[in-house]
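Comments concern the structure below.
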Amino acid sequence: MPSASPSERRELQAGAETRNRRDFWRDAFLAVRAETERRAAPLSAEDQLVQSMPDASPTKWHRAHTTWFFEQFLLNAFAPGYKPFDDRFAFLFNSYYVAAGPRHARPSRGILTRPTAQDVSAYRAHVDAAVAALIEKADDAAFDRIAPIVEIGLHHEQQHQELVLTDILHAFAQNPVLPAYDPDWTMPKANAGNDYAELPTGIHPVGFDGGGFCFDNELPVHRVLLQPVQISKTLVTNREWFDFIADGGYARPDLWLSDGFAQVEAEGWIAPGYWQQQDGQWFAMTLGGLRKLDPAAPVTQVSYYEADAFARWRGEHLPTEMEWETAARAGLLDDAFGIVWQWTRSSYSPYPGYRAAPGALGEYNGKFMINQMVLRGSSLATPQGHERLSYRNFFHPPARWQFSGLRLARYPD
Ligand SMILES: [Fe+2]
């Protein structure tokens, strides 16, 4: 076979790279889509419809909404001649994108008995086929514009994969028969200890600086000045929380922010979410059903208010997100990822120089930068490969249906 000329070789190489990129994105797309279905598989059609509170969405809605995201932002925009699966679905499954049109009210997602779970499966299959064909057939210039939309759509779907688990757990925890999502589920093991890592005073970079994907709220990288602080290497455990409760933690207004104690009184909180006491023993509803609490396991299902009160009870505080990121970058934190998100005392605000993307996708993060607190790390429900050192999760201070825990920080003497 005659050897190729340099220009032919370059062309062949470019063709192979394009081919590899198309294969890469098709495979990534199919893998993420399959993971959503894997998480939904143990749930019946009845399970998939339930909405146990306005903040928690039905599994069926998550499956359909993530599909709508690809239909709206990828296929309608970039696939010539694409015909939506059902014109009514844009209204039903748009979440909060005002620029993408009117939408069904969030608290009423649980009344959507139709389309059925089976209809949603057909919707997913329709969109999967169209996206795979688009990745295959788009011309090179179009492909360059498509790939970033596929990418954000996959990260978006992974966020909803986490919510599939947290939202069904909230529903199951309200159900007197306490169903198990997965009877074999176990809590990941955490490192034990009472060590604190020292963060010396200094100027540190914060924000995403790697190759690959990040959300716009992780940008731009900027420098922050940190004061000397010590940050706990380990997560706060159930055992420590037992002590907080035994010391009257939920009954002492001096430990709480005013809004937090109002929440304690209004909701009758005496323990973290899903905890219940039987014969003097604490149990909690988990993905494996009702389980006796392991004292050594990290506490989870606590709100920002509770995390803050606990820290105050210990005479310490929650780290800022900048302290957390700096310590995690230095490898100083045990179990930063994969067990519980960790509340920080940073309010969710734009980084200096932040600009939301133009158009409807600019609504993804920026418009929520008020009245919420940042959590760092990732949880046992976070899909593989979704975590990052610079990742900023955010929830309202009373929220406790996520796998949310904490680590402490303190100032050196
Ligand atoms: Fe969404």
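The values are calculated or read from the model by the stated rules, or taken from the named source; none is laboratory data. Nothing here was measured: the structure is a model prediction, and the numbers come from that model. Cβ sites come from the backbone with ideal geometry, for glycine too, and all protein chains shown count toward neighbours. To get the accessible areas, we keep the full protein, side chains included, count just its heavy atoms, and leave off ligands, DNA and RNA. Shrake-Rupley method; radii C 1.70, N 1.55, O 1.52, S 1.80 Å.
Averaged per residue, what accessible surface does the chain expose to a 1.4 Å probe, in Å²?
Value returned for the chain: 45 Å² of accessible area per residue.
Using r as the Cβ-Cβ distance of Ser5 and Asp140, and R0 as 22 Å, what FRET efficiency do you calculate, to the nearest 0.05?
Result of the calculation: an efficiency of 0.55.
How big is the convex hull of the Cα atoms of the stretch 1-82, per residue, in Å³?
Here the figure is 164 Å³ per residue.
When the chain is modelled as a GNM with alpha-carbon springs shorter than 10 Å, which of Ala133, Ala190, Ala171 fluctuates the most?
Highest fluctuation among the options: Ala133.
What is the ratio of the Cα radius of gyration of the stretch 199-260 to 2.2 N^0.38 Å, where N is its residue count, to two decimals?
In units of the globular-protein estimate, the stretch 199-260 measures up at 1.74.
Only Lys, Arg, Asp and Glu count, each charged at its Cβ (+1, +1, -1, -1), so figure out the dipole size of the chain about its Cα centre, rounded to 20 debye.
Computed about the Cα centre, the dipole is about 560 debye.
In degrees from 0 to 90, rounded to the nearest 10, what is the angle of the helix 304-313 Cα long axis to the longest principal axis of the chain?
Once rounded, one gets 40 degrees.
Going toward the positive end of the dipole of the stretch 167-297, with +1 on Lys and Arg Cβ and -1 on Asp and Glu Cβ, which of Thr237, Gly193, Ser258 do you reach last?
Farthest along the dipole direction, towards plus: Gly193.
Using 0.36 nm times the number of residues separating Phe213 and Arg329, minus their current alpha carbon distance, what extension gain do you get?
40.0 nm
Suppose every K and R has +1 on its Cβ and every D and E has -1 on its Cβ; what is the size of the dipole of the stretch 4-86 about the Cα centre, in Debye to the nearest 20?
280
Could you give the semi-axes, largest first, of the ellipsoid that matches the chain, computed as the square roots of 5 times the alpha carbon gyration tensor eigenvalues and rounded to whole Å?
Over the Cα atoms of the chain, the ellipsoid semi-axes are 39, 28, 19 Å.
Could you identify which residue out of Ala14, Ala142, Ala262 has the top mean-square fluctuation in a GNM of the chain using Cα springs shorter than 10 Å?
Ala14
If you average the C-alpha positions of the stretch 236-280 and of the stretch 41-59 separately, how far apart do those two centres end up, in angstrom?
Centre-to-centre (Cα) distance: 28 Å.
Show log10 I(q)/I(0) for the stretch 319-358 at q = 0.17, 0.33, 0.34 Å⁻¹, two decimals, from a solvent-free Debye sum over equal Cα scatterers.
Debye curve over Cα of the stretch 319-358, log10 I(q)/I(0) at q = 0.17, 0.33, 0.34 Å⁻¹: -0.58, -1.15, -1.18.
I want to verify the translational diffusion coefficient of the stretch 138-183 in µm²/s; compute it with Stokes-Einstein, Rh as the Kirkwood radius over Cα pairs, at 20 °C and 1.002 mPa s.
Roughly 163 µm²/s, to the nearest whole number.
Restricting everything to alpha-carbon atoms, can you work out Rg to Rh for the stretch 24-147 with a Kirkwood hydrodynamic radius?
With Rh from the inverse mean 1/r over Cα pairs, Rg/Rh is 0.98.
Using only alpha carbon pairs under 8 Å that are at least six residues apart, calculate the relative contact order of the chain and give it in whole percent.
18
Assuming a ≥ b ≥ c are the square roots of the Cα gyration tensor eigenvalues, decide whether the stretch 136-281 counts as rounded (a/c under 1.5), prolate (otherwise, with a/b larger than b/c) or oblate.
oblate
Using mean Cβ contacts within 10 Å as the protection proxy, how do 334-341, 367-374 order, highest first?
Top of the packing list down: 334-341, 367-374.
Run the Debye formula on the Cα coordinates of the stretch 107-196, all scatterers equal and no solvent, and tell me log10 I(q)/I(0) at q = 0.14, 0.18 1/Å.
Those come out to -0.84, -1.06, one per q.
Could you tell me, in Å, what Rg and Dmax come out for the Cα atoms of the stretch 276-356?
Just the Cα atoms of the stretch 276-356 yield Rg and Dmax of 16.2, 55 Å.
When all C-alpha to C-alpha distances in the stretch 79-149 are sorted into bins of 5 Å, what percent of pairs does each bin hold, rounded to whole numbers?
With 5 Å bins starting at 0, P(r) equals 3, 13, 19, 20, 20, 14, 7, 3, 1.
Quick one: angle between helix 258-267 and the longest Cα principal axis of the chain, in degrees between 0 and 90, rounded to 10, please.
Relative to the chain, helix 258-267 is tipped by roughly 90 degrees.
Taking the 0 to 90 degree range and rounding to the nearest ten, how far is the long axis of helix 117-137 tilted relative to the main principal axis of the chain, both from C-alpha atoms?
50
Which FRET efficiency value, to the nearest 0.05, is calculated for Thr186 and Ala14 with the Förster distance at 45 angstrom and r the Cβ-Cβ distance?
0.40
Quick check: net charge around Ser95, other residues with Cβ under 10 Å of its Cβ, Lys/Arg +1 and Asp/Glu -1?
Charge balance near Ser95 sits at +2.
Any idea how far apart Gln276 and Glu198 come out in nm if each label point goes 7 Å out from Cα toward Cβ?
Simple spin-label model gives 4.9 nm for this pair.
Rounded to the nearest 500 deg cm²/dmol, what is the calculated helix-only ellipticity per residue at 222 nm for the chain, with -39500 (n - 2.57) per DSSP H run of length n ≥ 4?
About -12000 deg cm²/dmol.
Could I have the simple spin-label model distance between Phe91 and Lys292, label points 7 Å from Cα toward Cβ, reported in nm to one decimal?
With each label point 7 Å from Cα toward Cβ, the separation is 5.4 nm.
For the stretch 216-301, just list the percent of Cα-Cα distances falling in each 10 Å bin from zero outward, please.
Going out from 0 Å in 10 Å bins, the stretch 216-301 shows 13, 34, 29, 18, 5, 0 percent.
Dipole magnitude of the stretch 202-283 about its Cα centre, charges +1 at Lys/Arg Cβ and -1 at Asp/Glu Cβ only, in debye to the nearest 20?
That gives the stretch 202-283 a dipole magnitude of about 320 debye.
Measuring from label point to label point, each 7 Å out along Cα→Cβ, what is the Ala147 to Ala28 span in nm?
0.9
With N residues in the stretch 241-384, what two-decimal value do you get for its Cα radius of gyration over 2.2 N^0.38 Å?
So the stretch 241-384 has a normalised radius of gyration of 1.19.
For the stretch 301-413, taking Cα atoms only, what is the radius of gyration to one decimal and the Dmax to the nearest whole Å?
Cα radius of gyration and Dmax of the stretch 301-413 are 14.3, 50 Å respectively.
Over the chain, what percent of the accessible surface lies on carbon and sulfur atoms, probe 1.4 Å?
54
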